[in-house]
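Participant: Take this structure, written in structure tokens, and hold onto it; I'll ask about it next.
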Amino acid sequence: MHPQATDPSTAQVGALLAACNLPLAESRAILAHALGVARERLIAHPGDRVAPSAIDSFVASVKRRQGGEPLGYLLGEKEFYGRAFVVSRAVLIPRPETELLVQRALACTANDEAAVLELGTGSGCVAITLALERPNWQLTATDVSAVALEVAQINADRWQTTHVALRAGSWFNAVPHDARFDLIVSNPPYVAEDDPHLHALRFEPSVALASDGDGMSALQTIIESALAHLVPNGHLALEHGYQQGRAVRNLFGARQWHEVHTVRDLAGLERITTARLGCV
């Protein structure tokens, strides 16, 4: 049954949710967003009537979700590391596996006042989370997309992270050539240009997903360029594709990197690789 089949004059929360061909958790989230109420209210009051204007908004969002658009874009936010971040189609939807990147970055350095750079910040969820977890760290977060940086600024303001500086530019071009950091972290585009999975990701910005050729181009650029932007014994932490662990380790192995280590996610897939720059 489609929610449009419900009589607007008698539409109730329970009837609308029952008529929706989506998982209940998703349909409830969409309806709560349309009504501007907490999801718990819908559970507690399934007999509440729904205004026609809210029904129209609900139906439109349901259609978009059934067409494959991520729920985060429909709601305008996505939870990451226990916090809600604003998202739009200018940025990637934060993934649970990227929380592992944050965990590994936090473990890379015991320096309480570290200078940290995030490349390709998107929504800002990684840099802002690091700033909130380590209030004395000084964060610089970059992105080539001005629209993405606008979203990141909204999130920085939301979480009052005044020690996150946002910079526009491609990779290290966004920071001074003599800038040095204790830690560099990135979740760069790493999907191959001809990867069939890109169709399922069609609503998200392709520039943040796909990298030239086999998907290794951005990873290689960052690994090679980071040498000039880390302090001695500084660390680089990268998220990559689950089949790219060996290739990433090989890139690290070709230069003066030490303690190259790949971490698996909860599904047992190689997802994050970290390395330490040796003393020069």
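The values are calculated or read from the model by the stated rules, or taken from the named source; none is laboratory data. Owing to the predicted nature of the structure, the values given are computational and were not obtained by experimental measurement. With ideal geometry, Cβ positions are generated from the backbone for all residues, glycine too; neighbour counts draw on all protein chains shown. Areas reflect the complete protein model, heavy atoms only, side chains present, ligands, DNA and RNA absent. Shrake-Rupley method; radii C 1.70, N 1.55, O 1.52, S 1.80 Å.
Participant: Enter the Cα centre distance for the pair segment 73-152 and segment 214-269, rounded to the nearest angstrom.
Facilitator: Segment 73-152 and segment 214-269 have Cα centres spaced 19 Å from each other.
Participant: Which peptide among 118-124, 270-276, 253-259 comes first, and what is the full order, when sorted by highest mean count of other Cβ atoms within 10 Å?
Facilitator: Descending mean neighbour count gives 118-124, 270-276, 253-259.
Participant: Measure off, as a whole percent, the carbon and sulfur share of the 1.4 Å-probe accessible area of the chain, all protein chains present.
Facilitator: 50 percent
Participant: Rounded, prolate or oblate, given the Cα gyration tensor of segment 137-280, with a/c below 1.5 counting as rounded?
Facilitator: In terms of gyration-tensor shape, oblate.
Participant: Next up: With the cut-off at 1.5 for a/c, could you classify segment 178-217 from its C-alpha gyration tensor as rounded, prolate or oblate?
Facilitator: Prolate.
Participant: Also, I was wondering about something else. Near the amide H of THR121, under 5 Å away, which other amide H atoms are found, from residues 5 or more places off or on another chain, if H is placed in the peptide plane?
Facilitator: Amide H to amide H, under 5 Å and 5 or more residues apart or across chains, THR121 pairs with THR142, ASP143.
Participant: Using only the alpha carbons, work out the radius of gyration and Dmax of segment 29-84 in angstrom.
Facilitator: Values for segment 29-84 (Cα only, Rg and Dmax): 12.1, 36 Å.
Participant: Excluding ligands, DNA and RNA, what is the solvent-accessible area per residue of segment 83-196 at a probe of 1.4 Å, expressed in Å²?
Facilitator: About 43 Å² of surface per residue is accessible.
Participant: Per residue, how big is the convex hull around the C-alpha atoms of segment 29-169? Give it to me in cubic angstrom, could you?
Facilitator: 123 Å³
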